[in-house]
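Worksheet for the structure shown next.
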Amino acid sequence: MTKILVVSERHEAKVKRVTLEALGAAHALSSKEGGQVAALLIGNEVASQADTLSAGGAQKVYLADDPKLALYSSEAYATLVADVAKKMDATLILLGATAMGKDLGPKVAAKLEGAFAGDCTGLALNDEGAFVATRPIYGGKAIATVKCQQAQFQVVTLRPNVFPVHPPAPSAKAEIEKVTTTTDFSLLKAIVKEVLTVVASKVELTEAQIIVSGGRGLKAPENFKLIEELADALGAAVGASRAAVDAGWKPHSYQVGLTGKTVSPLLYIACGISGAIQHQAGMSSSKYIVAINNDPNAPIFKIANYGIVADLFDVVPLLIEEVKKLKAA
Amino acid sequence: MNIAVCIKQVPATESKIKPAADGLDIDRTGLSYVVNPYDEFGVEEALKIKEQLDTGTVTVITIGPEKAVEALRTCLAVGADEAIHIKDDALTGGDALCTARVLAAALKKGNYDLIFFGRQAIDDDSGAVGIHVAELLGLPHVAGINKFELNADGLKAVAHRQIEGAAEVVEARLPAIFTCQKELNEPRYASLPGIMKAKQKPMTVWSLADLDLSAEDVGASAAKVKLEKITSPPVREAGKTIDGDTAHAVSELVRLLHEEAKVL
Amino acid sequence: MDFNFTEEQSMLRDMVRKFVDKEVKPVAQQIDKEHNVGLIQDILKKAAPLGLLGIPFPEKYGGAGMGEMGYCVLLEELSHGCASTSVTIGAHIGLAGMSIFLGGNETQKEKYLKPLATGEKIGAYALTEPGAGSDAANLQLTAKEDGDHFVLNGTKLWITNGDIADTVVVYGLTNPELKARGGITAFIVETTTPGFSANRIEDKMGLRGSATAELVFQDLRVPKENVLGQVGMGFKIAMETLDESRLSLAAATIGSAKELITMSVDFAKKRVAFNQPIVHFQAIQFMIADMAAEVFQMESIVYRTAWMYDQGNKIPREGAICKLFCSEALDRIVDKAVQIHGGNGFMGEHPVERFYRDSRVNRIFEGTSEVQRMVIAEDVLKKGSY
């Protein structure tokens, strides 16, 4: 029987979408030969989030609710995950490939001497009942298919926006089991002292459904206002090309591409971005790509679903108007 | 302060990547290799700390074939003091945890206060090895740091790590492991005197036997993750270019996004 | 026979390539458009602490001891980014520094070469005059003995770095009768000396970011200890310096040529005509093949000659052959590159247009193609056979 543990992640008081995606993936896998999907909820005063996890497909929720767990701790969280994984004899442990998941996944895998596959875009069971994951490598220039070679404790992080969520079942009520941390916090060798909000952006880039990105074609930092206005109208996150970041127009946290973030939104709108290989590496798995650029030879058009060859300073203001009109209708 | 930086030699960022004929590797003909760019941030941070304290040793460590010595030599030319090259044919087929076991064994032989890694290698994009090593050695770690400061007493360090929309400020007791993200610093260039001196600096070569490890511990048979195949990513087809005057093109775009793609 | 670069030479190439990608390429268009010498001076300030300005000179003079091979690698890589920068550094190291290195005594090397090698001071080389270009021996600037000084009067023209240099190696006439046969003397002149003035010449076809100047010497007094070598040895120093610098100039053309191939291939893959990328057309492929064939010849002769030079051989004929062939090959290559780029290649927005303008002077300065042919022929005829 496939037993899957999904480690829940929250943003403020809400379960992150990527956790629901992981639950969706877990469901798809476990339904094949009958299995169990559990979620582990860690934090302080997070019990209310169990309903979201139930509705999202968790049959059981392990709840570690403790003021000491309010802030992330690699060691304490990993110990908890490993304890629960052992307790339920988990075959598979799923996390989002977020800052937390990317840190926690390898830590848990090493604790459990398990297999680890990071930032996966595909996950399936093969005929022998082994998990086979696909993951982009070389900045997305190649795809590796890897097989986990053991029966338990396989740790996989999933790229956000790739796996479909489970159809919500609002009436579902998962069994809740409280678990306690065994970590002696006074002995922790690394402690999160504080969390500084750096980006006031309303939507996080890696998890956004729609992204509007600006590049060199914006010509000056103040012109990013235009990108932000369009993003606001769409409820989208703002991204930037490396050229724009290197020029100092936006901080690195906005950068999409090889040395920045990898995103897979439903819609990616590239404004004044030529679409060098290194940029494509970060966004080519977007579902729909729109390119706005005045150079018809820009490589971005080769991967865009829809392209407009024109000056972005003409296009974007009109686009903002059109989007507002559509939203109002 | 004794500082180690674990580095990896990888194909240069702009390399064209395609699967090899057997589908179990990439086609390596004509590739040029560099020090993994994220590891360079680690080397730079180590050198900065050494300069700031005006004492200490910076050791660069890599696992890799004969050719990987070039990457070590580059780090020596940039300013590292010594290098350790771990090479053994028995390592072929191992996974990230195997790599971590080897590095953990090597790091144990030195008495390091600080250990830096890149946040990930740009070839396998895994980002797991540094964190694995921390767990194996029972050391604290902070992953993906873009700011680092050593406390005055030299016993703790405070690092910032980028998380979604925010930065976590983490204090870690040394010895500790840090994996480095862009923005941490501006890696320096190798200098000419550095290049000329690189060959004279100590270069230790270790096999698995030197680390009291065997193929069963860290080779293909120990791997929990096995590479099945490497393929090219699906090719995206160019879609339509919307012609006509700008106002018309924009309203057509919005119509397509709404009705055809159904994303608005 | 070993055609491999040493590990040090390869590391140097990697390092300079990184430097050029980050510090030079991003500003190259701006340097050209704005005739922005200041940006090049900023690049020199960053290059100096890395030891890049002293590559060919021994360590005791503040250099890196990497010889002519190392120096050619530097200029090749720099020219991928910006010919103006490459020429500025070339005049500084290969002309000014090299004159002092070849002709100077220990005291002079310590006092003048070292600050050039470390980049503390900038150097220039002043040979050409309004009436003495190809006919360099016909120079008119006079240097008259006066006690323990020489007094310089005259004008030098088109001097690279002329108005940004701290140290200028000036060639003047100490004996109008003897001219090249012992009448020309080389002097090290500090540009703060009274009687020195420099006027920037802005209107150039290419190399618009390099500082080209007219230098005027008016009763300028140079102490005798600043005579390079001995009185009357100037022409020999000037020519030996040119043997070497012609080779390094050829090395620089390789970098431009390789960059043009990369640009052309990139463009031809992107540019669609008649429903396909133009790179599919044989007409384009043949041009690229010819470019590659020339580059292979260029690097083959340049690095072979650099190796000969580092072995202690004199290279008057070989240096001239490298300069002649490479400068003309680059013009053929850049012409094809513009052709491949079509209308885009004619527009100032595209770097290939800058490369086209920057290339042309290679067939003119440091000895025209015709002068190179004279040098080669003279050497062949002297020996009577190849």
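Of all residues being of a type in the set (A, V, I, L, M, F, W, C) and not in a helix (DSSP H, G or I) in region B:224-251, which is surrounded by the fewest Cβ atoms within 10 Å (Cβ to Cβ)? Just the residue, please. In this case the residue turns out to be B:Val235. Among the residues of region A:59-78, the one identified as in contact with a Lys or Arg (Cβ under 6 Å, 6 or more places away or on another chain) and more than 14 Å from chain B (Cβ to nearest Cβ) is A:Leu63.
One line per residue, one yes/no per condition, for (1) in contact (Cβ under 8 Å) with a residue 60 or more places away in the chain; (2) more than 14 Å from every other protein chain (Cβ to nearest Cβ); (3) surrounded by fewer than 23 Cβ atoms within 10 Å (Cβ to Cβ):
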position	(1), (2), (3)
B:Lys50	no, yes, yes
B:Ile61	no, yes, no
B:Lys67	no, no, yes
B:Leu97	yes, no, no
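In region B:150-161, the condition of being in the same structural domain as B:Lys18 (by TED's automatic domain parsing), within 30 Å of C:Pro56 (Cβ to Cβ) and not in a loop (DSSP other than H, G, I, E, B) is met by no residue. Residues that are more than 17 Å from B:Leu253 (Cα to Cα) and either at the interface with another protein chain (Cβ under 10 Å from one of its Cβ atoms) or not in a loop (DSSP other than H, G, I, E, B) (or both) within region A:259-273 comprise A:Thr259, A:Gly260, A:Lys261, A:Thr262, A:Pro265, listed in sequence order.
Can you tell which of B:Arg28, B:Arg101 is of a type in the set (Lys, Arg), surrounded by fewer than 24 Cβ atoms within 10 Å (Cβ to Cβ) and within 28 Å of C:Ser10 (Cα to Cα)? Only one candidate qualifies: B:Arg28.
Taken as a whole, region A:295-305 holds at least one residue that is more than 25 Å from C:Asn344 (Cβ to Cβ) and either surrounded by fewer than 21 Cβ atoms within 10 Å (Cβ to Cβ) or not assigned by TED's automatic domain parsing to the domain that holds A:Arg159 (or both).
If you check B:Glu40, B:Glu14 for being within 14 Å of chain A (Cβ to nearest Cβ) and in a loop (DSSP other than H, G, I, E, B), only one passes: B:Glu14. A single entry from B:Val254, B:Val218, B:Val205 fulfils the requirement of being among the β-branched types (Val, Ile, Thr) and crowded, with 20+ Cβ neighbours inside 10 Å: B:Val218. Residue check: is B:Leu264 under 30 Å from A:Glu113 (Cβ atoms), among the aliphatic types (A, V, I, L, M) and out of contact with any Lys or Arg (no Cβ under 6 Å at 6 or more places or on another chain)? Against the criterion (under 30 Å from A:Glu113 (Cβ atoms), among the aliphatic types (A, V, I, L, M) and out of contact with any Lys or Arg (no Cβ under 6 Å at 6 or more places or on another chain)), B:Leu264 does not qualify. Which is over 30 Å from B:His160 (Cβ atoms) and facing chain B (nearest Cβ under 10 Å), of A:Glu113, A:Glu128? Going through A:Glu113, A:Glu128 in turn, just one is over 30 Å from B:His160 (Cβ atoms) and facing chain B (nearest Cβ under 10 Å): A:Glu113. Against the definition (within 17 Å of the chain's Cα centre (by Cα), at pLDDT 95 or above and within 28 Å of B:Leu208 (Cβ to Cβ)), how does B:Asp39 come out, yes or no? Considered against the rule, which asks whether it is within 17 Å of the chain's Cα centre (by Cα), at pLDDT 95 or above and within 28 Å of B:Leu208 (Cβ to Cβ), B:Asp39 comes out as yes. For region A:131-150, a residue qualifies if it is more than 7 Å from chain B (Cβ to nearest Cβ) and either among the hydroxyl-bearing types (Ser, Thr, Tyr) or out of contact with any strand residue (DSSP E or B) (no Cβ under 9 Å at 6 or more places or on another chain) (or both), and exactly one does: A:Thr134. Suppose we keep only residues that are within 11 Å of chain B (Cβ to nearest Cβ) and assigned to a loop (DSSP other than H, G, I, E, B) within region C:11-55. Which one would you say is farthest from the chain's Cα centre (by Cα)? Within region C:11-55, the match that is farthest from the chain's Cα centre (by Cα) is C:Gly51. Among the strands (runs of 3 or more DSSP E) confined to region A:179-258, the ones with at least 1 residues that are at the interface with another protein chain (Cβ under 9 Å from one of its Cβ atoms) and touching a residue at least 24 places away in the same chain (Cβ under 8 Å) are located at A:190-197, A:210-214.
Within 18 Å of A:Lys107 (Cα to Cα) and either part of a loop (DSSP other than H, G, I, E, B) or at pLDDT below 95 (or both): does that describe A:Tyr77? So A:Tyr77 does not fit the description; no.
Considering (1) part of a loop (DSSP other than H, G, I, E, B); (2) at pLDDT 95 or above, the lone condition that A:Pro168 does not fulfil carries the number (2).
Per the listing B:Val169, B:Val129, B:Val158, the residue uniquely under 14 Å from the mean Cα position of the chain (by Cα) and either more than 7 Å from every other protein chain (Cβ to nearest Cβ) or surrounded by fewer than 22 Cβ atoms within 10 Å (Cβ to Cβ) (or both) is B:Val129.
With respect to B:Gly94, determine if the residue is farther than 24 Å from A:Val146 by Cα and within 19 Å of the chain's Cα centre (by Cα). It is false that B:Gly94 is farther than 24 Å from A:Val146 by Cα and within 19 Å of the chain's Cα centre (by Cα).
The values are calculated or read from the model by the stated rules, or taken from the named source; none is laboratory data. Only a predicted model underlies this, so the values are computations on that prediction, with no experimental measurement involved. In this analysis, Cβ positions are derived from the backbone assuming ideal geometry, glycine residues included, and neighbour counts consider all displayed protein chains.
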